[in-house]
Amino acid sequence: MKVACIGSGLIGSGWATYFALKGLETTLFDIDDEKLDQAVERIKSNLKFLYEENVIDEREFNFCIERITTTTDIEKAVKGAVLIQENGPENYEVKRKIVADIEAYCDDKSIIASSTSGLLITEIAKEAKVPERIVGAHPYNPVQLIPLVEITKGEQTSDEFVAKAVDLYKAIDKEPVVLRKEALGFISNRLAMALYREAVEIVERGICTIEEIDKACCYGPGLRYALMGPNLIYQLGGGNYGIRGALTHMGPSVEHWWADMADWKTWPEGYADKVQKGVDEEMANRSKSHGNTNEEIAMFRDKGLIMLLKYHGKM
Ligand SMILES: NC(=O)c1ccc[n+]([C@@H]2O[C@H](COP(=O)([O-])OP(=O)(O)OC[C@H]3O[C@@H](n4cnc5c(N)ncnc54)[C@H](O)[C@@H]3O)[C@@H](O)[C@H]2O)c1
């Protein structure tokens, strides 16, 4: 089965790595050869890591490389592809243009799935010839390791194409979750940004430092979130009384907390500079084994993800 990745940046090369790992013939398109060369290096590095972690052997490494064809010819990329995963820049105009380029050559039955992090599929599909086949399929970085794909529909997306997309992602061991309605930020980023707004708020109020926020998440709730969602966490927190008991018990206090928590809609001025300084200090303070540079910390993350995926039976 052939699939295509349009746009070969961080996410496009992550998808290509994953599709190839799952045995799919994958074409990877970008606007110039330089981008494609960078993508091939990224894919090789993704695969090398999996090889070094004993997830794949040398034979599989080589098969994966062979399964990926790079091209700057959109017709070659999409012709005959069952799924076309769009990973271009996060911008309506560019994404509409990419959809038009794809539709000029793809098969009638192809699914066009956008990796958009939060744009509306209705808008992306506005000028499409066949808007019924355009779905959102939002992955999480690193795509080759994180199972979640949030599937979103636009006003004209058909249930038939949503079902086809869900079946396909399931068949390659992804964990698709379908949104029943369009929503900016989908499920996961809405949750992530609700948490992050409060993280910003308590730093701004001087309650704790940037490093302490990360420690409090990582060594506390974050460990549980890697294993189950908030509803199951409160179910267990309620003991024999379950989540109903937990909410009945904690509910009145929590309403006081909510009344005191952030509800602003624009970022505090200068926060990006402030947080960068705090994160630079935090990175310098980490032990060597946990990593001090972006690359070392990403490696630390990915090794941990492999252990968790094995525990979840996903690897
Ligand atoms: N970075 C993340 O963590 C993340 C996570 C989930 C989803 N996404 C989404 O995935 C998409 C890609 O993000 P990214 O981080 O890989 O960006 P990126 O900048 O790394 O890659 C974008 C790629 O698109 C290519 N491109 C530009 N114009 C194009 C065109 N007309 N046709 C085809 N390709 C074109 C660029 O050359 C580049 O290689 C975005 O929609 C983004 O919101 C990103």
- Message: I'd like the Karplus ³J(HN,Hα) series for the stretch 67-84: coefficients 6.51, -1.76, 1.60, θ = phi - 60°, whole numbers in Hz, and an x wherever there's a Gly or Pro.
- Response: 6, 9, 10, 9, 7, 9, 9, 4, 4, 4, 5, 9, 4, x, 7, 6, 10, 10
- Between D214 and E34, what length comes free when the chain is fully extended (0.36 nm per residue of separation minus the Cα-Cα distance, one decimal in nm)? 61.1 nm
- Mean separation of Cα contacts under 8 Å, 6 or more apart, over the residue count of the stretch 188-311: relative contact order %: 20
- Taking the Cα atoms only, what angle lies between the long axis of helix 188-204 and the longest principal axis of the chain, rounded to 10 degrees? 40
- Query: Shape call for the stretch 188-311 from the C-alpha gyration tensor, a ≥ b ≥ c root eigenvalues: rounded (a/c under 1.5), prolate (a/b greater than b/c) or oblate?
  - Reply: oblate
- Query: Under a point-charge model restricted to the Cβ atoms of Lys and Arg (+1) and Asp and Glu (-1), what is the dipole moment magnitude of the chain relative to its Cα centre, in debye to the nearest 20?
  - Reply: 920
- Long-range amide H partners of C5, meaning residues 5 or more apart or on another chain whose placed amide H is closer than 5 Å, are T27, L28, F29, Q85
- With 0.36 nm assigned to each residue of separation and the Cα-Cα distance removed, Y271 to H256 gains 2.8 nm
- Query: log10 I(q)/I(0), Debye, Cα-only the stretch 2-178, no solvent, q = 0.09, 0.20 Å⁻¹?
  - Reply: -0.27, -1.38
- Item | Where labels lie 7 Å past Cα in the beta-carbon direction, separation of V94 and T122 in nm | 2.4
- Amide H contacts under 5 Å for G238, restricted to residues at least 5 apart in sequence or on another chain and with H modeled in the peptide plane, are A246
- Query: What does the charge dipole of the stretch 258-315 about its Cα centre add up to, to the nearest 20 debye, if the Cβ of each Lys and Arg holds +1 and the Cβ of each Asp and Glu holds -1?
  - Reply: 440
- Any idea what angle helix 92-103 forms with the longest principal axis of the chain, computed on alpha-carbon atoms, 0 to 90 degrees, nearest 10? 30
- Taking Cα pairs closer than 8 Å and at least 6 residues apart, the relative contact order of the stretch 2-178 in percent is 20
- Cα-centre dipole for the stretch 188-311 with unit charges at Cβ (Lys and Arg positive, Asp and Glu negative), debye to 20: 600
- Output ordering of 168-179, 114-125 (per-residue mean of other Cβ within 10 Å, highest first) is 114-125, 168-179
- Can you tell me the order of 191-204, 273-286 when each peptide is scored by its average per-residue count of other Cβ atoms within 10 angstrom, highest first? 191-204, 273-286
- Query: Karplus couplings for the stretch 166-173 from phi (6.51 cos²θ - 1.76 cosθ + 1.60, θ = phi - 60°), rounded to Hz, Gly and Pro as x?
  - Reply: 4, 4, 5, 5, 5, 4, 9, 6
- Query: Ranked highest first by average number of other Cβ atoms within 10 Å, how do 208-216, 293-301 line up?
  - Reply: 208-216, 293-301
- Report the FRET efficiency, 1/(1 + (r/R0)^6), for K76 and K129, where r is their Cβ-Cβ distance and R0 is 22 Å, rounded to 0.05. 0.65
- Quotient of Cα radius of gyration and Kirkwood radius for the chain, i.e. Rg/Rh, equals 0.99
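Where a number appears in this text, it was derived from the coordinates with a stated rule and is not lab data. As the structure is a prediction and not an experimental result, all values here were calculated from the model. Using ideal geometry, Cβ is built from the backbone for each residue, glycine included, and neighbour counts are taken over all protein chains shown.
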